[in-house]
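Single-structure report; data block below.
Read-outs: derived from the displayed coordinates by stated rules, not from any lab. None of these values were measured; they are calculated from a predicted model. Here the Cβ positions follow ideal geometry from the backbone for every residue, glycine too, while neighbour counts run over all protein chains shown.
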Ligand SMILES: [Zn+2]
Ligand SMILES: [Zn+2]
């Protein structure tokens, strides 16, 4: 078809009838999918599609195709951004709550999740409350299985591996043991990293730098590096608990972050002779 040319409604109707019930070959489908990638759907097309629903069969197909597939951090950020400030209808709230109940999620957790996805900011009090609810709780075997499946085939970043090895040799078992000082240090860092604010900061840094190393341009497998070290901020603001950082804006300043790939990140830390991100 000639680009930009419009077909007459009769021609479109003829084509539609000729194609009805016919299935495109795998090759053709691959071509169609490739040509559709990255295409911006016009408002007219959007309006045409609005209100149309997938059949249950299609939904099951999509579900099966996606099962166990890991979601990339980019998609996660996109999903999170799309959900923000979205107005959830009472009906959707009810559905979310019901699906949560089926999966054995507590009502508090569902409320927190709804609030999170609608872009509401949690107060420090709410965060502390949620933390108290979750404290000492362990995921069920079903949840652990889901996590395992989601992580299958995914490679851990060098940062994650470093993190794991450091957390594995805790306390007096570690050659770094300095009578509890080091343990307190890593405990605080890990607690800060577990905060939703930290995850948001990291996501914002990734998004701003488009997942691209700002030193060499490598895309994808990247880290969010603190320009002013986390420990530097901890010392400066005399932080002793992760909760204290929530109200401390410099911790969540996107300008204090930069996206670096693994080798550039390591080089940066070697230069600074500090091991934490
Ligand atoms: Zn790099
Ligand atoms: Zn770093």
> (1) surrounded by 10 or more Cβ atoms within 10 Å (Cβ to Cβ); (2) in a helix (DSSP H, G or I): which one isn't true of residue 24, the others all being true?
Replying inline: (2)
>> If residue 258 satisfies all but one of (1) within 13 Å of ligand 2 (Cβ to nearest atom); (2) farther than 20 Å from residue 185 by Cβ; (3) assigned to a helix (DSSP H, G or I), what's the number of the condition it fails?
In response: (3)
>> Just to verify a result, which residue in region 212-261, among those that are more than 20 Å from residue 200 (Cβ to Cβ) and away from ligand 1 (no atom under 16 Å from the Cβ), is surrounded by the most Cβ atoms within 10 Å (Cβ to Cβ)?
In response: 231
>> Test of understanding: among 223, 269, 189, which residue is in contact with a strand residue (DSSP E or B) (Cβ under 7 Å, 6 or more places away or on another chain) and within 14 Å of ligand 2 (Cβ to nearest atom)?
In response: 223
